[in-house]
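What follows is a short report on a single structure.
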Amino acid sequence: MDLGYDIFRELGDGSPLWVTHAPSLKEAKDKLDTLARTLPAEYFIRDATNAKIVARVGINAPAESKPGELS
């Protein structure tokens with residue numbers, strides 16, 4: 001069963017804050033990109049089916065990821 005994808009904002013203390021849900025990875029990545037451009041912060045997409053982080057973006061993301069650029 002596919003449960004879709006959840007988007008979280010990572011708070012300063014490292015705890016996650018749920019932002020929204022998307023039924024597909026493409027839609028989740030589109031939402032994540034919009035969030036990163038309008039409210040710069042750390043965000044990540046979690047696959048709700050297996051609880052794995054599938055994308056991360058933000059101001060402190062790894063060197064290969066820049067704000068507005070999905071990993």
Quiz item: Is there any pair linking a residue in the stretch 1-29 that is within 16 Å of A51 (Cβ to Cβ) to one that is open to solvent by 80 Å² or more (accessible area, probe 1.4 Å) and hydrophobic (A, V, I, L, M, F, W, C), with Cβ under 7 Å and at least six apart or on different chains, and which?
Solution: D6/W18; F8/L17; F8/W18
Self-check item: the stretch 1-53, residues that are among the small types (G, A, S) and in a strand (DSSP E or B)
Solution: A22
Quiz item: Does the stretch 58-71 include one or more residues that are among the small types (G, A, S) and modelled with pLDDT of 95 or more?
Solution: no
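From the list A28, A48, A55, which residue is more than 10 Å from the chain's Cα centre (by Cα) and not hydroxyl-bearing (S, T, Y)?
The conditions single out A48.
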Quiz prompt | Scan of the stretch 1-48 for residues that are at pLDDT 95 or above and β-branched (V, I, T), ordered by number | solution = I7, V19, T20, I45
Exercise. Kindly indicate the residue of the stretch 1-24 that is within 16 Å of V57 (Cβ to Cβ) and touching a Gly at 6+ places or on another chain (Cβ under 9 Å) and also most open to solvent (accessible area, probe 1.4 Å) among those meeting that condition.
Key: R9
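The values are calculated or read from the model by the stated rules, or taken from the named source; none is laboratory data. Bear in mind the structure is a predicted one, so any value in this text is a computation, not a measurement. Using ideal geometry, Cβ is built from the backbone for each residue, glycine included, and neighbour counts are taken over all protein chains shown. Note: accessible area is taken over every heavy atom of the protein model, side chains too, but ligands, DNA and RNA are not part of it. Shrake-Rupley method; radii C 1.70, N 1.55, O 1.52, S 1.80 Å.
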